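The values are calculated or read from the model by the stated rules, or taken from the named source; none is laboratory data. This is a predicted model, so every value here is computed, not measured. Here Cβ is always computed from backbone atoms with ideal geometry, including for glycine, and neighbour counts include all displayed protein chains. With ligands, DNA and RNA removed, areas are computed over all heavy atoms of the protein, side chains included. Shrake-Rupley method; radii C 1.70, N 1.55, O 1.52, S 1.80 Å.
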Amino acid sequence: MTGRYERLDPAAVRATVDRLHARIAARFPERNLRHVAAELAGLVRDVGEQEARTRRHEHAARVASLTAVVLVVAATVFALTMAVRDAIAAATSLRAFEWLPVLESAINDTVFAGIAVWFLLAVPGRLQRAATLRRLHRLRSLAHVIDMHQLTKDPERLRPSFRATAESVDVDLDADGLAAYLDYCTELLSLVAKAAALCAEESTDPVVLDTVSTVENVTGGMSTKIWQKIATLDLPAVRRSGTSPH
């Protein structure tokens, strides 16, 4: 029996994303970051719905695959049976070396049937893998979008000694607002990683699990860079507790 704390709850992840979206919209109603949060909320909802659809499609593909396997095996057995029957019927007129083509044909038919069976049995898993990888690709792309939103939020520009150039990007946030903005970005990245983990909750496919690990590593590295920015802000509370205003 699986414990309730041994698995991610999709409903809880969705609720957390929705709450974060509401928090960002309340503090930064004019910022595009709230649209990114809304996109993540939609992706998390899609993960649960698409997982259910994928399981239904996989079941249908598995039934079709097993049906095709039965037909291939039946056709192979029938062909081998007919070949053996004809060979036995002509056994009195065949010399020993004339049996070689019969044996060669039987071996070839068996090998090709085995390859066909292996391919057909692998089809459902390949379809499920492809669907999951598509969702993971969307989440990885969203992580890079989040990173783009924080890229120009440089705390160094709040220092009195900072000298702007004609190409400098204006940071229209004070230290508290910038800390909150950057912290929201880290929360979004963390939830992207949780959504990726949801995609592989039922999977043991090594390719899928490796891709999930890649998404987690990417989001973790981005979050580390953002916290380095937060640590440079002139906010004693941030440096002491590692949190920012919400």
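Overview of values
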item: Identity of the residue in segment 210-239, open to solvent by 70 Å² or more (accessible area, probe 1.4 Å) and part of a helix (DSSP H, G or I), that ends up modelled with the lowest pLDDT; result: Arg239
item: Residue tally, condition touching a residue at least 24 places away in the same chain (Cβ under 8 Å), within 18 Å of Ala180 (Cβ to Cβ) and in a helix (DSSP H, G or I), over segment 17-42; result: 9
item: So Arg45, is it modelled with pLDDT of 75 or more, of a type outside the set (Asp, Glu) and over 20 Å from the mean Cα position of the chain (by Cα); result: no
item: Failed condition for Asp154, given (1) at pLDDT below 90; (2) within 19 Å of Glu39 (Cβ to Cβ); result: (2)
item: Index of the failed condition, Arg159 passing every other in (1) exposed (fewer than 13 other Cβ atoms within 10 Å of the Cβ); (2) modelled with pLDDT of 80 or more; result: (2)
item: Tally of residues being open to solvent by less than 60 Å² (accessible area, probe 1.4 Å), modelled with pLDDT of 75 or more and out of contact with any Lys or Arg (no Cβ under 8 Å at 6 or more places or on another chain) across segment 1-15; result: 4
item: Unmet requirement for Trp118, which otherwise passes all of (1) at pLDDT 70 or above; (2) over 39 Å from the mean Cα position of the chain (by Cα); (3) loosely packed, with under 11 Cβ neighbours inside 10 Å; (4) in a helix (DSSP H, G or I); result: (2)
